[in-house]
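The values are calculated or read from the model by the stated rules, or taken from the named source; none is laboratory data. Since the structure is predicted, the reported quantities are computational estimates derived from the model, not experimental observations. Cβ coordinates were reconstructed from backbone atoms using ideal geometry, including for glycine residues, and neighbour counts include every protein chain displayed.
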Amino acid sequence: MQEYIDKLRALKAEAAGSPKDVESQHKRGRLTAQERIDLLFDPGTFNQIDTLVTPRYESYMGGKSSRLGDGVITGFGMVQGRQVFAAAQDATVMGGSLGEMHANKIVKAMRMALSYGCPFVALNDSGGARIQEGVDSLGGYARIFDANCEASGVIPQLSVILGPCAGGAVYSPGLTDFIFMTENSYMFITGPEVVKSVMQENVSQEDLGGGRIHASESGVAHFLASDDRECLLKVRELLSYLPSNNLSDPPYIPPRDDPERRCPELEQIVPVDPHKPYDVRQVITSIVDDGRFFEIHELWAENMVVGFARLDGFVVGLVANQPMVLAGTIDIKASIKATHFIRICDAYHIPVITLQDVPGFLPGTSQEYGGIIRNGARLIYAYSEATVPKLMLILRKSYGGAYCVMSSKGLRGDLLYAWPNAELAVMGAAGAVNILFRNEVKTAPDPQARGAELVSEYQEKFNNPYVAAARGLIDDVIEPRDSRRVLIRALHVTLSKRDRHIPRKHGISPM
Ligand code: HXC
């Protein structure tokens, strides 16, 4: 027996790589695939599978350069006590490039995760398609993409980019729910060399597709971390808000925070003057359990804030206008950001809580040319399609199309509230008077005084929450300090909500 055991140990040692491999990865300021797995999973719980998978070498040029396991660690283990599957590409094996068997291992682990209802985490560090394996490699990518699509909305899929991710390799992450990047990682369809030869444009790897660019410019990355360690801790934290699959509930944590706690500080955080900015994240942290808010897309489309938190122990998704950036208007990026987030919440039974303080959609040619119509429509579609509880609180302004779009009664919002200072109207008073009473103001003996009089009349009549309350378009007007307890009570009654769509193959979401 000992002989057999020794042989097995030798094979597994070969698959694990050498100290030289570890050193080469550390030199790049990155951890090895095994070290990443160790950080992601609860200590001692990871089980590797397909350790001994071997590539077909017969088509290789320049001899054999892969090794047992073919450059990717796959398997399952526990993250905060729940089963999770993962694949970690090993950049020390042919640059982490993806060949046929490498792809087979990833697809096998993904399909297991899908069958057993476990989240799947891909740790990417790869030079893309393995050039030596040609079409076998490309076919492997296609199978991964297909598995990504099939798993979409069934199990959480997270992509973590910890090194290069180039060419077609970017599309598996692009199909998953969340993308994490480090400052030391990059993603692009074509690298700087191709950009230079085709577009005559000089650009560095970092400026083309570095983690910071994707977190702040393209929005491709939902999270940016300074290094591998911080990144993997963030992955663990995100998983703590997600259910294992679409048939289970998100993890409930018995709360320490009093559900009846009043929040008098809200009266100071939000200025009554509708022109004064403030940070809506302070409103969120005042309301939610223990002030803990897990923000997503922190550096992109900052005029819309989205993220997870807990209310009385239950996971909720928050969507909030940010008056500090672009006055909280909704633009193309903000629409895309909120749409994606609402769809994630809906897929995973996470109630959506919308905090409104919005003067409207951002006007202008760049928005119209960029397609604000179809992107705003996507946001409407996402709110309408969502069957999870939809709660809403108007903190201050709620104007025009933005009122309709953001979780209104017409879009089957469940329980909707407003503070007494809220303003709900088609547009601001000055704009409205200018359109409705232009001639009257112009011909008045004192146009300025008449204009001011009409503005204040309009404000008195329309810029308040009571017209909406009188029509039942909001369910109550509440004092700011009661926001937490009111939302928690509303959450409790709506958690048992069952809403269905008319059966159809699928709707056609705007592009
Ligand atoms: C085979 C590869 C490889 C690849 C890297 N290697 N990429 N082997 N196929 N795609 C090997 C290198 O030959 C080298 O082997 C080792 O990995 C480490 O690579 P280095 O270049 O020394 O590392 P580094 O300087 O860190 O640069 C990393 C890199 C670079 C930026 C990723 O290797 C690179 O540009 N690779 C090619 C990227 C690429 O064009 N991929 C194809 C994309 S097209 P040795 O033996 O010397 O250690 C694509 C299409 C998919 O992916 C379409 C799907 C639909």
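Worth pointing out:
- Any hit, segment 210-220, residues being more than 20 Å from the chain's Cα centre (by Cα) and within 15 Å of the ligand (Cβ to nearest atom): no
- Being in contact with a Phe, Trp or Tyr (Cβ under 9 Å, 6 or more places away or on another chain) and either over 25 Å from residue 511 (Cα atoms) or hydroxyl-bearing (Ser, Thr, Tyr) (or both) is a description that does not apply to residue 365.
- Restricting the search to helices (runs of 4 or more DSSP H) fully inside segment 220-317 and requiring at least 2 residues that are surrounded by 21 or more Cβ atoms within 10 Å (Cβ to Cβ) and of a type in the set (Val, Ile, Thr) gives 280-287.
- Within segment 184-192, the presence of a residue that is farther than 27 Å from residue 149 by Cβ, modelled with pLDDT of 95 or more and within 16 Å of the ligand (Cβ to nearest atom) is excluded.
- Residue within segment 129-149 that is within 27 Å of the chain's Cα centre (by Cα), buried (at least 24 other Cβ atoms within 10 Å of the Cβ), near the ligand (Cβ under 10 Å from one of its atoms) and not in a helix (DSSP H, G or I) present: no
- When 134, 77 are screened for being in contact with an Asp or Glu (Cβ under 8 Å, 6 or more places away or on another chain) and farther than 18 Å from residue 170 by Cβ, only 77 passes.
- Hits in segment 445-479 - residues which are closer than 26 Å to residue 407 by Cβ and among the hydrophobic types (A, V, I, L, M, F, W, C): 462, 467, 468, 469, 470, 473, 474, 477, 478
- Of all residues in segment 107-128, those being out of contact with any Cys (no Cβ under 7 Å at 6 or more places or on another chain), within 13 Å of the ligand (Cβ to nearest atom) and at pLDDT 95 or above number 1.
- Scope segment 150-164; condition part of a strand (DSSP E or B) and farther than 27 Å from residue 57 by Cβ; matching residues: 157, 158, 159, 160, 161, 162
- Of residues in segment 165-183 being in contact with a helix residue (DSSP H, G or I) (Cβ under 7 Å, 6 or more places away or on another chain) and either over 23 Å from residue 40 (Cβ atoms) or assigned to a strand (DSSP E or B) (or both), the one farthest from the ligand (Cβ to nearest atom): 178
- Within segment 115-128, the set of residues being surrounded by fewer than 24 Cβ atoms within 10 Å (Cβ to Cβ) and touching a strand residue (DSSP E or B) at 6+ places or on another chain (Cβ under 8 Å) comprises 116, 118, 127, 128.
- Taken over segment 26-45, the criterion of being more than 29 Å from the chain's Cα centre (by Cα) and within 16 Å of the ligand (Cβ to nearest atom) is satisfied by 26, 27.
- Filter pass, residue 12 being in a helix (DSSP H, G or I), under 30 Å from residue 239 (Cβ atoms) and free of Cβ contacts under 8 Å to residues at least 60 places away in the same chain: yes
- Odd one out for residue 105, checked against (1) crowded, with 19+ Cβ neighbours inside 10 Å; (2) of a type in the set (D, E, K, R); (3) closer than 20 Å to residue 242 by Cβ: (3)
- Residue 420 surrounded by fewer than 19 Cβ atoms within 10 Å (Cβ to Cβ), more than 20 Å from residue 302 (Cα to Cα), at pLDDT 95 or above and touching a strand residue (DSSP E or B) at 6+ places or on another chain (Cβ under 7 Å): yes
- Test: residue 44 is more than 19 Å from residue 104 (Cβ to Cβ), free of Cβ contacts under 8 Å to residues at least 12 places away in the same chain and in a loop (DSSP other than H, G, I, E, B): yes
- Just one of (1) of a type outside the set (A, V, I, L, M); (2) surrounded by fewer than 20 Cβ atoms within 10 Å (Cβ to Cβ); (3) closer than 25 Å to residue 283 by Cα; (4) modelled with pLDDT of 90 or more fails for residue 503. It is (3).
- Residue identified as assigned to a helix (DSSP H, G or I), farther than 27 Å from residue 336 by Cβ and either of a type in the set (S, T, N, Q) or touching an Asp or Glu at 6+ places or on another chain (Cβ under 6 Å) (or both) among 464, 434: 434
- Only residues that are among the hydrophobic types (A, V, I, L, M, F, W, C) and over 27 Å from residue 243 (Cα atoms) were counted in segment 114-141, giving 4.
- When every residue of segment 54-76 is checked against the conditions, at least one turns out to be touching a Phe, Trp or Tyr at 6+ places or on another chain (Cβ under 9 Å), at positive phi and not hydroxyl-bearing (Ser, Thr, Tyr).
- A residue that is over 28 Å from residue 233 (Cα atoms), within 11 Å of the ligand (Cβ to nearest atom), outside any loop (DSSP other than H, G, I, E, B) and out of contact with any Cys (no Cβ under 9 Å at 6 or more places or on another chain) occurs nowhere in segment 59-78.
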